[in-house]
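Shown next, in structure tokens, is the structure this report addresses.
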């Protein structure tokens, strides 16, 4: 097996709110969305309710899927609690200090910037659905 890419699909309570958080606060771009009637939206409309969406930065994508949509698609009975961490995403970036200053007052900071024993400078936030997102830059 050769892995070509890995894309997290985060279960969220509101795809619309997650797209807004990741595009407006973290700088991702909207790729596409699908409503509950399976209609495709290639252009971002902030008023459109979505059951699924994809955002991306230069090379990475993140998918968001609402719990009710996931339950219907996969015939499951999943639930979500905003107080519980659903996933942890680790993102390596350039421009760490500037990025931290840009978003520190826009979201919940879980861990302030720190240097790690494994040679990274990193901090963690909590997104609008309770997921933990870490940002890191290699120390020189």
Residues 22, 30 in order from fewest to most other beta-carbon atoms within 10 Å are 30, 22
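Which semi-axes, in whole Å and largest first, does the equivalent ellipsoid of the chain have when worked out from the alpha carbon gyration tensor as the square roots of 5 times its eigenvalues?
Output for the chain: semi-axes of 27, 16, 16 Å.
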Highest GNM mean-square fluctuation among 35, 105, 45, for the chain with Cα springs under 10 Å, belongs to 105
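Quick one: order 23, 116 by neighbouring beta-carbon count within 10 Å, fewest to most.
Details: 23 16, 116 10.
Ordered by Cβ neighbours within 10 Å, fewest first: 116, 23.
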Gaussian network model of the chain, Cα springs within a sub-10 Å range: biggest mean-square fluctuation belongs to which of 48, 65, 56? 48
For the chain, what proportion of DSSP beta bridges, expressed in % and rounded to the nearest 5, is antiparallel? 75 percent
Listing 59, 88 by rising number of other beta-carbon atoms within 10 angstrom, fewest first, gives 59, 88
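Every number here is computed from the coordinates shown, using simple stated rules; none is lab data. What you see is a predicted model, and the numbers here were worked out from it, not measured in a lab. Positions of Cβ are backbone-derived with ideal geometry, glycine not excepted, and every protein chain shown enters the neighbour counts.
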